[in-house]
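Worksheet: the structure to be examined is printed underneath.
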């Protein structure tokens, strides 16, 4: 999960029941296996005392940033979102390494074509 990340900042009020998914995600971030996958990724925790919802700020190695609402997303969904973005970055790099254009533009005619395997 950390392979394509440069920084994660998790903000939450520990007394807020909405912080459960942020705390669970923090526990996942602190696991040995995840930390060893990218030791350079900074994990920053900010404990809040206000009523702001828990948030997870993610910075990818390519500079892209995302803010995820920890009050509305379970920890598994936060993790899945990060993994989906990481997979997209890997795919993009594969295309660029092969000298191909990214994003791939598929002509409408090809999209609407019926399969010959029917």
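The values are calculated or read from the model by the stated rules, or taken from the named source; none is laboratory data. Values in this document were obtained by computation on a predicted structure and should not be read as measured data. Cβ atoms come from the backbone with ideal geometry, glycine included; neighbour counts cover every protein chain shown.
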For the list (1) over 18 Å from residue 2 (Cβ atoms); (2) modelled with pLDDT under 95, I need the number of the one condition that residue 46 fails. (2)
In this structure, does residue 47 turn out to be touching a strand residue (DSSP E or B) at 6+ places or on another chain (Cβ under 8 Å), farther than 27 Å from residue 96 by Cα and surrounded by 12 or more Cβ atoms within 10 Å (Cβ to Cβ)? no
Loosely packed, with under 10 Cβ neighbours inside 10 Å and under 17 Å from residue 5 (Cβ atoms): is that true of residue 107 in this structure? no
Identify all residues within region 74-112 that are within 26 Å of residue 53 (Cβ to Cβ), out of contact with any helix residue (DSSP H, G or I) (no Cβ under 8 Å at 6 or more places or on another chain) and in contact (Cβ under 8 Å) with a residue 60 or more places away in the chain; write none if there are none. 82, 83, 85, 86
Can you name the residue in region 50-67 that is more than 15 Å from the chain's Cα centre (by Cα) and loosely packed, with under 14 Cβ neighbours inside 10 Å and, of all such residues, is nearest to residue 89 (Cα to Cα)? 52
If I go through region 71-87 residue by residue, how many of them are in contact with a strand residue (DSSP E or B) (Cβ under 9 Å, 6 or more places away or on another chain) and in a loop (DSSP other than H, G, I, E, B)? 2
